[in-house]
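What follows is a short report on a single structure.
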Amino acid sequence: MIISKTPYRISFFGGGSDYPEWYLENGGVVLSSTINKYIYISCRELPPFFRHKHRIVYSKIELIKDVSQIKHLVVKKALEKIYKNYNKKGLEIHYDGDFPSRSGIGSSSSFVVGLLNTLNNFYNIQRSKSFLANQSILLEQKILKETVGSQDQMSATYGGFNEIIFNKNGKIKVNPLIKEKNILKKLENNMILVFAGVRKKSSTANHVAKTYVQKLNRIKKNNILEIIKHAKIAKKLIKDRKFDDFGMLLNETWRAKRELSNSVSSDKIDYIYNLGIKNGALGGKLLGAGGAGFFLFYLPKNKREIFLNSFKNFTCIPFKFEQEGSTIIFNEKNKFFD
């Protein structure tokens, strides 16, 4: 059995400039970090005693005889397109996550990265982090044809608090911004996540992104240029350790993001934002493509109690930054008939 552990991510600045529709023409930059909340995926050879050949377990349980019958599209396409030339043994794949899907925390890409990391190790394919990240982007953007950016796969693979640069030639570079644990702790103590609910199944990140991605190089170009400008300012603030200014800048990037599409925000999300700012937060923004999910707030430590009291009717999640990215935490490759 192989078990992978893959973190979720928080995107602070630059979101939108990581869509290939944008950066292949203009370039882009994102500031993001992975956190200590994870997706776990296990894979083992299924013993040959069952009427089914494969067992896929997530919110549903699929018992199937052939890969073509798998309903979980990511698992199906990965096995059909990426691992089609590997052995045909029966598989049992399990998925467990700390956060729900469709919640703007990068869960879809973390799942993809974790799945491919697990299957690569299951099939004895030794690859670099760069390969895994690009393999994940290929699966989401080219094989599944999802309207998704390229930052989440890089974050989930590499881990850490990073600047991610997207070049016009398609090459992506990950630059660590903070490694010192004491500095990371100081920053994470001033942040909290507020859960705003999940998007409807008919309103995934893919669907929300489709409402504005094709407009990025036309009527929404100034919005993305402003978002990129915020990312560059935020990088300098991080280097100068001006964390309160970094937190307040979240407001500006949230305002620019809201203008991308009517699907990005809602009355509930606006209410959460205004409630947070009213009760001590210096800044905040909704994570992910928009519509629902987790709202990130930056607040001074002395305002934390007031803030939490005002959000008693919501789920508030403290978190820590992590620096490992997707890892294999269990690896026992014993075959059933050995």
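Considering only segment 1-26, state which residues are of a type in the set (Lys, Arg) and surrounded by fewer than 24 Cβ atoms within 10 Å (Cβ to Cβ). Within segment 1-26, LYS5 is the sole residue that qualifies.
Within segment 104-126, one or more residues are within 24 Å of the chain's Cα centre (by Cα) and exposed (fewer than 14 other Cβ atoms within 10 Å of the Cβ). On the given criteria, is TYR38 of a type in the set (Phe, Trp, Tyr), out of contact with any helix residue (DSSP H, G or I) (no Cβ under 7 Å at 6 or more places or on another chain) and closer than 23 Å to GLY160 by Cα? Yes; evaluated as a whole, the condition is true for this residue.
With respect to (1) more than 23 Å from LEU237 (Cα to Cα); (2) assigned to a loop (DSSP other than H, G, I, E, B), the lone exception for GLU305 is condition (2).
Considering only residues that are touching a helix residue (DSSP H, G or I) at 6+ places or on another chain (Cβ under 7 Å) and in a loop (DSSP other than H, G, I, E, B), look in segment 315-330 and name the one that is surrounded by the fewest Cβ atoms within 10 Å (Cβ to Cβ).
It comes out as LYS320.
Taken together, the residues in segment 257-271 that are part of a helix (DSSP H, G or I) and surrounded by fewer than 22 Cβ atoms within 10 Å (Cβ to Cβ) amount to 6.
The lone criterion from (1) free of Cβ contacts under 8 Å to residues at least 24 places away in the same chain; (2) within 21 Å of TYR19 (Cβ to Cβ) left unmet by TYR271 is number (2). In summary, helices (runs of 4 or more DSSP H) completely within segment 68-187 and bearing 1 or more residues that are touching a Gly at 6+ places or on another chain (Cβ under 9 Å), under 18 Å from LEU287 (Cβ atoms) and modelled with pLDDT of 95 or more occur at 107-122, 151-158. Across segment 286-303, the qualifying residues are those that are under 21 Å from the mean Cα position of the chain (by Cα) and over 18 Å from VAL198 (Cβ atoms), and the one among them that is surrounded by the fewest Cβ atoms within 10 Å (Cβ to Cβ) is TYR298. Scanning segment 225-250 for residues that are surrounded by 14 or more Cβ atoms within 10 Å (Cβ to Cβ) and not in a helix (DSSP H, G or I) yields a single hit, LYS242. Checked against (1) buried (at least 20 other Cβ atoms within 10 Å of the Cβ); (2) farther than 30 Å from ILE41 by Cβ; (3) not polar (S, T, N, Q), ILE306 meets all criteria but (1). Selection over segment 54-74 of residues that are loosely packed, with under 15 Cβ neighbours inside 10 Å and under 16 Å from TYR40 (Cβ atoms) gives a count of 1.
The values are calculated or read from the model by the stated rules, or taken from the named source; none is laboratory data. For clarity, every value in this text was computed on a predicted model and none was experimentally measured. Every residue, glycine among them, receives a Cβ derived from its backbone with ideal geometry; neighbour counts consider all protein chains shown.
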